[in-house]
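Below is one structure, written out as structure tokens; comments come after it.
Laboratory data are not the source of any read-out in this text; all were calculated from the coordinates shown. Only a predicted model underlies this, so the values are computations on that prediction, with no experimental measurement involved. Reconstructed Cβ throughout: ideal geometry from the backbone, glycine too, with neighbour counts over all protein chains shown.
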There are 2 protein chains.
Amino acid sequence: MKNELRLGVVGATGAVGQEMFRVLEQRNFPYATLRAFASFRSVGKKVQCKNEEINVELLESNIFADIDIALFSAGSSITKEFRHVAKTAGCLIIDNSSAFRMDDDVPLVIPEINGNDCKDHNGLIAVPNCSAIVMLMAINPIQALQPIKRIIVSTYQAVSGAGAQALAEFEQQTKQIVVGEAPTLKVLPYQIASNLFSHNTPINDEGYNGEEWKLIHESQKILHLPTLSITATCIRVPVQRAHSESINIEFISGRPSVEMIRNVINAAPGVKLVDDSERNYFPMPLEATGGDDILIGRIRHDISNPNAIDLFVCGDQLRKGAALNAVQIAEFVLSNRLL
Amino acid sequence: MKNELRLGVVGATGAVGQEMFRVLEQRNFPYATLRAFASFRSVGKKVQCKNEEINVELLESNIFADIDIALFSAGSSITKEFRHVAKTAGCLIIDNSSAFRMDDDVPLVIPEINGNDCKDHNGLIAVPNCSAIVMLMAINPIQALQPIKRIIVSTYQAVSGAGAQALAEFEQQTKQIVVGEAPTLKVLPYQIASNLFSHNTPINDEGYNGEEWKLIHESQKILHLPTLSITATCIRVPVQRAHSESINIEFISGRPSVEMIRNVINAAPGVKLVDDSERNYFPMPLEATGGDDILIGRIRHDISNPNAIDLFVCGDQLRKGAALNAVQIAEFVLSNRLL
């Protein structure tokens, strides 16, 4: 590990990139220098971090010799293009794209769950899919109580998960509906304002879309449970930010008491119990927005199966679901001297 | 049955009442006279049906002698108050409230599924909870293929299901967000625009809310399967109209092919297959809005259980989930001479 960390953010002007600078500042991440990179369209723009104004530079192969850790959130094709040159130059990529998540030689990491997998990094550590992170932050403390057999999850995914342009389209459609105009469709395939639709990633031969497939298989990899049974239905909803998930968990045999589950969630890092039946107060995306914690509530024994429980979770997919998790991986790498 | 049917709509100015007049007109329902009733606050208002303008009258005990069928959608307390007097006067109530749905002597009817239960009416036939209707319209043709063991459902429920005032509040909040004002809360417990929350009916000792409890137990009654295992998580989402549901169905043994399921749905009344994986085109609340059919899609074998399938459905909860189902019950009563 270098004494003076040279950090880079690739994809600096995107929704996740923007959030990355906020997280680095809020956590007072210990970089010596911070540089911001993007495509030629964004060169000349400026970003802010820790009261410093940073010029956005063009992403080119020769930059990696001067960067120790690069936080990538510029899409799979960019990671694929620059992975080799970054590794050769000795720069560690922490990647938000799905490009290499399922590769055997790439750790896929949620630091609270499998941080130690970072130790086998081969120049790249992948940040999991946002829906997988939100779900597993709730699953992990519970599976420590009792082994899990099967998960059935339905998601309520915010528009910002589809990127900054999709979010702008949602806001434009909302305005158009208010003034009585027909909503414009350019980025998303269907109207999202006052509507919802099945996640618009391609459907595979098994009938699952790409988002569901990631959620299922990335979860198995992160938990080191390659045969864990999971089914998922991923839906995009008209919420600006923070994903929600309705989760049914079946244990191999029996189930912990609701009180035991509440206790492990209260004790676990990165999650917060929001489960007040008296006041009918439970996790909501509006309250997860901008926060670091995954909110967990509606914890109850499933009356349809003696080994199952139900719960409902919300988490900010731009923070813990992306930028925060990436920065936490960098922190883990630094504190464990893995550079 | 009288030769000249005298029909009444009780709760004529509410969200369901308004929809009732549209459905009666569209189906050219064969009434001789149609009267509209509401509380004193709405007396003097006018409603429209079949090009006729109808004065809203005060709901009083003495009206039932002159009404053969009364379509009630004025809340449980109104049904409880007038049930006895209506029965004594020989008026059949078709009730949208939950007041008597689970009573042993009250048929709870979706005509496509258990219309024959109307034959045992005791002066009142109940219309099921909207979420139960939307779900069971999909479940019923599928369970005819193979018996069902367990259902796990997560709902995405539209704001209009909470009534006309809640819908107005959602529209007001949307406008307030667009102009940068803080959203006003009066009817609903939490902001609904760009947010979602657990259905705000009281939570029982088992940890389920009132909506979930209705969905579970009404479904068992309608299907005549009192021990069918069901769990439900009911969520209110920022959609104006039409409920969506993510449904996992486990069969007792084995499962039908996806093709067989598609075929029975194509053949069943009141449902429409919307399941185009090539175009990523599936049920959406916007397309269910104002329509009579429950839209069914995302039909696939669940990879987590060899006896289970997943699907996603949408239905207009003011139409098939309320007004249309009530009018269809009245049609069944008339065609089977059950008055």
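Within the protein assembly as shown, what percent of beta bridges assigned by DSSP are antiparallel, to the nearest 5?
Details: 58 of 116 bridges.
The antiparallel fraction comes to roughly 50 percent.
Any chance you could give the angle, 0 to 90 degrees and rounded to 10, that helix A:76-88 forms with the longest Cα principal axis of chain A?
60
In a solvent-free Debye calculation with one equal scatterer on each Cα, what is log10 I(q)/I(0) for the stretch A:138-234 at q = 0.21 Å⁻¹, listed in the order of the q values?
Each listed q corresponds, in turn, to -1.03.
How far apart are the B:Phe40 label points across copies, placing each 7 Å from Cα toward Cβ, in nm, shortest first?
7.7
Across the residues of B:220-232, average count of Cβ atoms on other protein chains within 10 Å?
On the way: counts 0, 0, 0, 0, 0, 0, 0, 0, 1, 6, 3, 11, 5.
The shielding value for this peptide is 2.
What list of ³J(HN,Hα) couplings, whole Hz, do you get for the stretch B:17-31 from phi and the Karplus terms 6.51, -1.76, 1.60, once you set θ to phi - 60° and write x for glycine and proline?
x, 4, 5, 4, 5, 4, 5, 4, 5, 4, 8, 6, 4, x, 8
To the nearest 0.05, how large is the calculated FRET efficiency for A:Arg27 and B:Ser257 if R₀ is 45 Å and r is the Cβ-Cβ distance? Don't skip to the answer; put the middle values down first.
Details: r = 52 Å, r/R0 = 1.15.
Here the calculated transfer efficiency is 0.30.
Placing a label point 7 Å from Cα toward Cβ, how far apart in nm is A:Ala144 from its equivalents in the other copies, listed shortest first to one decimal?
Sorted ascending, the copy-to-copy spacings read 5.1 nm.
How much of the DSSP beta bridge set in chain B is antiparallel, as a percent to the nearest 5? Display every interim value, and only then the final one.
Working: 29 of 58 bridges.
Around 50 percent antiparallel, to the nearest 5.
Along each of its three principal axes, how wide is the spread of alpha-carbon positions in the stretch B:56-104, in whole angstrom units, largest first?
Projected onto its principal axes, the Cα set of the stretch B:56-104 covers 28, 22, 15 Å.
Going by amide H atoms built from the backbone, whose H comes under 5 Å of the H on A:Thr233, apart from near neighbours?
A:Val153, A:Ser154, A:Thr155
Considering only the stretch A:132-317, what is the antiparallel percent among its DSSP beta bridges, to the nearest 5? Display every interim value, and only then the final one.
On the way: 25 of 34 bridges.
That works out to approximately 75 percent antiparallel.
Tell me, what are the semi-axes, in whole angstrom and largest first, of the equivalent ellipsoid of chain A as set by the roots of 5 times the Cα gyration tensor eigenvalues?
Three semi-axes, in Å: 32, 25, 18.
Using the Cα centre of chain B as the reference point, and only Cβ charges (+1 on K/R, -1 on D/E), how large is the resulting charge dipole? Debye, rounded to the nearest 20.
On the way: 31 positive and 38 negative charges, 53 e Å.
Charge dipole, chain B, about its Cα centre: 260 debye, nearest 20.
So if I restrict to the alpha-carbon atoms in the stretch B:132-317, what is the Rg, and what is Dmax, the biggest pairwise distance, in Å?
17.4, 55
Using only atoms on other chains, find how many Cβ atoms lie within 10 Å of each Cβ of peptide A:196-209 and report the average. Don't skip to the end; give the middle numbers.
Values: counts 14, 11, 11, 2, 3, 1, 3, 9, 2, 1, 4, 12, 7, 5.
Rounded to a whole number, the mean comes out at 6.
What does the charge dipole of the stretch A:132-317 about its Cα centre add up to, to the nearest 20 debye, if the Cβ of each Lys and Arg holds +1 and the Cβ of each Asp and Glu holds -1? Let's see the in-between values first.
Details: 14 positive and 20 negative charges, 29 e Å.
Dipole about the Cα centre, nearest 20: 140 debye.
Take the alpha carbon atoms of the stretch B:1-72, find their center, do the same for the stretch A:63-137, and report the distance between the two centers in whole angstrom.
Using only Cα atoms, the two centres lie 65 Å from each other.
Considering the options B:Thr289, B:Val274, B:Leu311, tell which one lies farthest towards the positive end of the dipole of the stretch B:273-317, charges being +1 on Lys and Arg and -1 on Asp and Glu at the Cβ, about the Cα centre.
Projecting each Cα onto the dipole axis, the largest value belongs to B:Leu311.
What Kirkwood hydrodynamic radius do you get for the stretch A:1-109 when you take the inverse of the mean 1/r over all pairs of distinct Cα atoms, in Å?
Details: mean 1/r = 0.0712 Å⁻¹.
It works out to 14.0 Å.
Just the number, please: Stokes-Einstein D of the protein assembly as shown in µm²/s, Kirkwood Rh from C-alpha pairs, 25 °C, 0.890 mPa s. Mind dumping the intermediate values first?
Details: Rh = 26.6 Å.
Result for D is 92 µm²/s.
If you build a Gaussian network model of chain A, linking Cα atoms that sit under 10 Å apart, which residue out of A:Ala242, A:Ala74, A:Ala162 swings the most?
Result: A:Ala162 has the largest fluctuation of those listed.
Loop only per DSSP, at most 15 neighbouring Cβ atoms within 10 Å: give me the trypsin sites (Lys or Arg not before Pro) in the stretch A:130-215, ordered by residue number.
A:Lys186
What residues qualify as long-range amide H neighbours of B:Leu145, i.e. H under 5 Å apart, gap of 5 or more or another chain, H built at 1.01 Å from N?
So B:Leu145 has HN proximity to no qualifying residue.
In debye, nearest 20: dipole of the protein assembly as shown around its Cα centre with unit charges on the Cβ of K, R (+) and D, E (-)? Write out the running numbers ahead of the final one.
Numbers: 62 positive and 76 negative charges, 82 e Å.
Computed about the Cα centre, the dipole is about 400 debye.
Show me the GluC sites (Glu not before Pro) within the stretch B:275-332 that DSSP assigns to loop and that have at most 14 other Cβ atoms within 10 Å of their Cβ.
Numbers: sites: B:Glu278, B:Glu287, B:Glu331; in loops: B:Glu278.
Hits after loop and neighbour filter: B:Glu278.
How much length would be gained if the chain were fully extended between B:Glu171 and B:Gln48, taking 0.36 nm per residue of separation minus their Cα-Cα distance, in nm to one decimal?
Stretched fully, the B:Glu171-B:Gln48 segment lengthens by 41.9 nm.
What are the nm distances, shortest first, from B:Lys119 to its equivalents in the other copies, labels at 7 Å along Cα→Cβ?
Label-point separations across copies, in nm and ascending: 7.3.
Any idea how far apart B:Asn122 and B:Asp205 come out in nm if each label point goes 7 Å out from Cα toward Cβ?
Going from the B:Asn122 label point to the B:Asp205 one covers 2.6 nm.
Which whole-Hz ³J(HN,Hα) couplings does the stretch B:296-306 yield from phi under the Karplus relation 6.51 cos²θ - 1.76 cosθ + 1.60, θ = phi - 60°, glycine and proline marked x?
For the stretch B:296-306, the Karplus curve yields 10, x, 6, 6, 7, 6, 6, 6, 8, 7, x Hz.
Show me the trypsin sites (Lys or Arg not before Pro) within the stretch B:1-99 that DSSP assigns to loop and that have at most 13 other Cβ atoms within 10 Å of their Cβ.
Values: sites: B:Lys2, B:Arg6, B:Arg22, B:Arg27, B:Arg35, B:Arg41, B:Lys45, B:Lys46, B:Lys50, B:Lys80, B:Arg83, B:Lys87; in loops: B:Lys2, B:Arg27, B:Lys45, B:Lys50.
Hits after loop and neighbour filter: B:Lys2, B:Lys45, B:Lys50.
Please report the relative contact order for the stretch B:209-273, taking Cα pairs under 8 Å with a sequence separation of at least 6, and give it as a percent rounded to a whole number.
On the way: 20 pairs, mean separation 13.3, N = 65.
Answer for the stretch B:209-273 is 21 percent.
For the stretch B:169-176, take each phi angle, set θ = phi - 60°, evaluate the Karplus expression 6.51 cos²θ - 1.76 cosθ + 1.60, and give the result in whole Hz per residue in order, putting x for glycine and proline.
5, 4, 5, 5, 4, 4, 4, 4
Out of residues 5 or more away from B:Ile294 or on other chains, whose amide H comes under 5 Å of its own, with H placed 1.01 Å from N in the peptide plane?
B:Val271, B:Lys272
Just from its helices, what would the mean residue ellipticity at 222 nm be for the protein assembly as shown, if runs of 4 or more DSSP H residues each count -39500 (n - 2.57) and the sum is divided by every residue, rounded to the nearest 500 deg cm²/dmol? Intermediate values should be presented prior to the final figure.
Details: 18 runs with 194 residues, N = 678.
The helix contribution divided over the protein assembly as shown gives -8500 deg cm²/dmol.
Two decimals, Cα atoms only, Kirkwood Rh: what is Rg/Rh over the stretch B:224-323? Don't jump to the answer; show the numbers that get you there.
Numbers: Rg = 14.2 Å, Rh = 14.6 Å.
Ratio of gyration radius to Kirkwood radius: 0.97.
Of A:Lys175/B:Lys175; B:Lys45/B:Lys320; B:Lys50/B:Lys87, which pairs sit farther than 19 Å apart, going by alpha carbon to alpha carbon? Don't jump to the answer; show the numbers that get you there.
Values: A:Lys175/B:Lys175 8 Å; B:Lys45/B:Lys320 26 Å; B:Lys50/B:Lys87 28 Å.
With Cα atoms farther than 19 Å apart: B:Lys45/B:Lys320; B:Lys50/B:Lys87.
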